[in-house]
Every structure is written in structure tokens, then in C-alpha cells.
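Only one structure is covered here, and it is reproduced in the block below.
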């Protein structure tokens, strides 16, 4: 390893939120994508992708994602639905559906069914109201635990914590050791701007020997 000779320090409090947003998104990557399905109080399905997303525990299994407040200061339909219903599905995003996922990110009005608009097939969930996207090879049915606001106004975070009630894994994707086949799942990750990545280039590192 070679140390870097100098650094530029960017104090976030002295910068515009949009500048911090761009630096953050181009530094923390690749980010996994959660294609989140919810329903409104009147039962209208919603489907939208979020790359502020990750798994954060396994006892119980839990995930977090953040539908940030929009640039105009209003909340996204996903967040409003979660406040009303408190259930969601995380549908993972393989390369085969990336264009449809991108279409689902369009700023549709709350009365639009994004499953239909983006071409996804809804399938009934087992424990919760929001449907799953059948084109996704792994779907996580989740019950909302808590919404944690961080900041206020445009681009502020709304961290949604979900308890995973069950996994739905496409036939042939689950290995005997309970892992999902990385090659078959072929997920995409979010980079900055309009760029995405795949998980097709991989390498392995043996864990350090604790007895050293």
C-alpha cells in the first residue's frame, strides 16, 4: 500500500446539500439497490428503487433503506405509504430488469401503479399487503420497525428499518448452504450519476488467522 500525499478537506456544514449529495454518492459505492414495493391506505401499489439500502442484522433479519426527502421538500410516495401501512417488500435488482427498475424511478403521481407503468408482474405476498415483483429473483417481505429522520428539508434522510418476515428465492437460486448463487442472481449496484455496476468481477480473500 502507498499512502496518499495530500487531501482536500470538505467541511459538510460549509457546503450546499446538493454538493454533499454528489460527493457522498460518488464515494460510497457500489450501492445495492432495493426495489421497494408498498401500498397506500387505499390499496394503490407503489414500486420505487432506492440505493441508500443495506442489510443490517440477522437476529432478527433486518434491512434499512432511506427514501430521502425530494429536492422540493416533499416526501416520496414510498415514505407516505410506510407511514400509513407500515409494510414493504425489498425486491432485488438483477441486470435483466435494470431498465424496468429505472423506469420505476420516474416521478409518477401517487395514483399511478408503477408495477403496470414499468412492466413488472405483481404477485401476492404471504404475510403483508404490498405485492412482490415476480421478475426479481429474491424478495424480502418486511414489517416496518421504525422511521428515523436525519435532518430536515430537501435531501434529508428518512431511515426506514424493516424486520424481514420471510425470503422468497427463485427456484434454482438457493444453494444447499443457504446462500443465493451469486452468478445466477447477477445483481446491479448504483454508482454516481447515471452509472451502474455489476457483480460479475469478483475476487476472494481468506479471513485473517486469529491465532497470529
With criteria (1) at pLDDT below 95; (2) in a strand (DSSP E or B), residue 18 comes up short on (2)
Filter region 55-66 for residues that are touching a residue at least 60 places away in the same chain (Cβ under 8 Å) and not in a strand (DSSP E or B); which is nearest to residue 192 (Cα to Cα)?
-> 66
Give me the pairs, please: first residue somewhere in region 15-40 and within 15 Å of residue 136 (Cβ to Cβ), second residue anywhere and exposed (fewer than 14 other Cβ atoms within 10 Å of the Cβ), beta-carbon distance under 7 Å, and either six or more positions apart or on two chains.
-> 32/54
Note on region 67-84: residues in contact with a strand residue (DSSP E or B) (Cβ under 8 Å, 6 or more places away or on another chain), part of a loop (DSSP other than H, G, I, E, B) and more than 13 Å from residue 144 (Cβ to Cβ) are 68, 69, 75, 76
In region 21-54, how many residues are surrounded by 14 or more Cβ atoms within 10 Å (Cβ to Cβ) and either in a strand (DSSP E or B) or in contact with a strand residue (DSSP E or B) (Cβ under 9 Å, 6 or more places away or on another chain) (or both)?
-> 22
Yes or no: residue 59 loosely packed, with under 12 Cβ neighbours inside 10 Å, modelled with pLDDT of 95 or more and either touching a strand residue (DSSP E or B) at 6+ places or on another chain (Cβ under 7 Å) or closer than 20 Å to residue 127 by Cβ (or both)?
-> yes
Those residues that are touching a helix residue (DSSP H, G or I) at 6+ places or on another chain (Cβ under 7 Å) and either part of a loop (DSSP other than H, G, I, E, B) or modelled with pLDDT under 95 (or both), I need them from region 1-15; list them, please.
-> 10
From the residues in region 178-212 that are out of contact with any strand residue (DSSP E or B) (no Cβ under 7 Å at 6 or more places or on another chain) and in contact (Cβ under 8 Å) with a residue 24 or more places away in the chain, which one is nearest to residue 25 (Cα to Cα)?
-> 192
Taking the stated definitions as given, is residue 118 surrounded by 15 or more Cβ atoms within 10 Å (Cβ to Cβ), farther than 21 Å from residue 165 by Cβ, in contact (Cβ under 8 Å) with a residue 60 or more places away in the chain and more than 16 Å from the chain's Cα centre (by Cα)?
-> yes
Inside region 85-100, the number of residues satisfying the requirement of being in a helix (DSSP H, G or I), closer than 18 Å to residue 116 by Cα and touching a residue at least 24 places away in the same chain (Cβ under 8 Å) is 4
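The values are calculated or read from the model by the stated rules, or taken from the named source; none is laboratory data. Since the model is a prediction, treat every value here as computed from it, not as a measurement. In this analysis, Cβ positions are derived from the backbone assuming ideal geometry, glycine residues included, and neighbour counts consider all displayed protein chains.
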